[in-house]
Amino acid sequence: MEDNYLFILGRQPELSLAELFGYAEGRAINFEVGEIYGSTAVIRGKLPEPKRLMEDLAGVVKIASAGAPLPRPKNINEWTELLGSVLSSVITSKQSLTFGLSFYGELRLCPSAKEQEQLALTLKRLLKDKAKHVRWVSGRGKPLTSVQVAKNKLDTEQGCELVIYCSDKTIIVGKTLAVQAFEDWSERDYNRPRRDAKRGMLPPKLARMMVNMLGLPPRGTLLDPFCGSGTVLMEATMLGWPKLIGADKSARAVKDAKTNTKWLMAWNSSQNTFAHSHECANDKGMNFLVSAAEDLPRRLAPSSIQAIVTEPYLGTPLLSSPSEGQVKNLQRELAPLYGQMLAVFDKLLILNGRAIFILPQWVMPDGKEKTLPLSDLPWPKSLRRHDPLAPLPFCRDFSLVYKRPHQYIARAIMIVEKVSR
């Protein structure tokens, strides 16, 4: 029997969906997307245990159970009756209850911030018949963050967050089952021993999403030919890849990657936060090379790599939007590097192996974006582009771009598969 869930996606939902589809493909998980609106997706399928799933995904903020669609309440009294009934059914302790309400979907159809407060206070009074102590966690008219949910234990038996998805005529009410482990992400991002903001660093969440987007099972060897301080290797380790190779032409970067991955093993042992990477826990599955990417085919066996995940050099950092002339100079500078990288993919990937990599996308003064002209690159005939969003016809024109406000270089994400020798 299939289960129904509400997935609350990250700041860029298309990346979250691409990660989810890639993860499912690599692990032979079947599911359907029933509906998507903004950051909310209705998912149907037989999925892994939600907390286990949340440990592996980077682009999903919350996972909630989902009931059947219900007629949308027309006033506060109807909202109170409906949500009061749901909360009463999930109370497990007569001593205390902490609850929160988070509304998603079409905001014009959701109660206003003032109405949400009125609703919550009314529910609090009604629930005192069910539990001695009732506390409401307020989001001040906004959905509760994963930090608020975790800090108030609303995803445990000691509390309850109701996630309410509002659409035109119906609502879906769910109970939060798992949220992102924000402290673990922060620890790996900010407290790893080697960080160098001047050289630029791939965010751990993006590295995790890229590994999942590949759509491959964690078997064989994963290579990062521009490993930097080892972010991709760290996240791939946590997803269970048994053999990892990190290469970089900078000896300092390779040293930093070694230090960070060793720190990760020690941190994992103390936290007991993941259980996949037994082979890597004693460094047996980890290898490092000081090597330029174009030299790797001379140092590694041909057709020996199942997966490549990497962020190459993106060009000179920018403090403002570039001019047309600057972009043309950057394109001329980077085109040979990316051409060599594609040749490396062709030589090292096994048949049906995949590579995911980042292209710079420059934000122009008028807000438009430009990247490398892919048609001008020397594409090997063996490589074909892979789209993790292909199962969703309405998402096929979506570009996978990771960007933050006020950045002048965004990260465009591309996946290729080796389809012939």
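Just to be sure, is residue 152 out of contact with any Lys or Arg (no Cβ under 7 Å at 6 or more places or on another chain) and buried (at least 18 other Cβ atoms within 10 Å of the Cβ)?
So residue 152 fits the description; yes.
May I ask you to say which residue of 125, 108 is exposed (fewer than 13 other Cβ atoms within 10 Å of the Cβ) and within 15 Å of residue 83 (Cβ to Cβ)?
So the residue among 125, 108 that is exposed (fewer than 13 other Cβ atoms within 10 Å of the Cβ) and within 15 Å of residue 83 (Cβ to Cβ) is 125.
Return only the number of the condition from (1) surrounded by 17 or more Cβ atoms within 10 Å (Cβ to Cβ); (2) free of Cβ contacts under 8 Å to residues at least 60 places away in the same chain that residue 375 does not satisfy.
The one condition residue 375 does not meet is (1).
For region 253-267, which residues satisfy the criterion of being of a type in the set (A, V, I, L, M) and over 19 Å from residue 293 (Cβ atoms)?
Matches in region 253-267: 264, 265, 266.
Scan region 232-258 for residues that are small (Gly, Ala, Ser) and either part of a helix (DSSP H, G or I) or crowded, with 22+ Cβ neighbours inside 10 Å (or both) and jot them down.
Correct list: 236, 246, 247, 251, 253, 257.
Does region 57-79 contain any residue that is crowded, with 19+ Cβ neighbours inside 10 Å, within 18 Å of the chain's Cα centre (by Cα) and without any contact (Cβ under 8 Å) to a residue 40 or more places away in the chain?
Checked region 57-79: no residue is crowded, with 19+ Cβ neighbours inside 10 Å, within 18 Å of the chain's Cα centre (by Cα) and without any contact (Cβ under 8 Å) to a residue 40 or more places away in the chain.
Which is at negative phi, in contact (Cβ under 8 Å) with a residue 40 or more places away in the chain and aliphatic (A, V, I, L, M), of 330, 314?
Only one candidate qualifies: 314.
Of (1) closer than 15 Å to residue 409 by Cα; (2) touching a strand residue (DSSP E or B) at 6+ places or on another chain (Cβ under 7 Å), residue 328 satisfies all except one. Which?
Checking residue 328 against (1) closer than 15 Å to residue 409 by Cα; (2) touching a strand residue (DSSP E or B) at 6+ places or on another chain (Cβ under 7 Å), the one that fails is (2).
When region 178-210 is examined, which residues are found to be surrounded by 17 or more Cβ atoms within 10 Å (Cβ to Cβ) and more than 18 Å from the chain's Cα centre (by Cα)?
Scanning region 178-210 gives 192, 194.
The rows are residues; the columns are (1) surrounded by fewer than 18 Cβ atoms within 10 Å (Cβ to Cβ); (2) among the polar types (S, T, N, Q).
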position: 311; (1), (2): no, no
position: 320; (1), (2): yes, yes
position: 332; (1), (2): yes, no
position: 344; (1), (2): no, no
position: 363; (1), (2): no, no
position: 368; (1), (2): yes, no
position: 400; (1), (2): no, no
position: 412; (1), (2): no, no
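Would you be able to say whether some residue in region 28-41 is surrounded by 21 or more Cβ atoms within 10 Å (Cβ to Cβ) and within 26 Å of residue 401 (Cβ to Cβ)?
Yes, that holds for at least one residue.
We did not get these values from a lab; they are worked out from the coordinates using the rules stated. Nothing here was measured: the structure is a model prediction, and the numbers come from that model. All Cβ positions, even for glycine, are placed from backbone atoms using ideal geometry, and neighbour counts span all protein chains on display.
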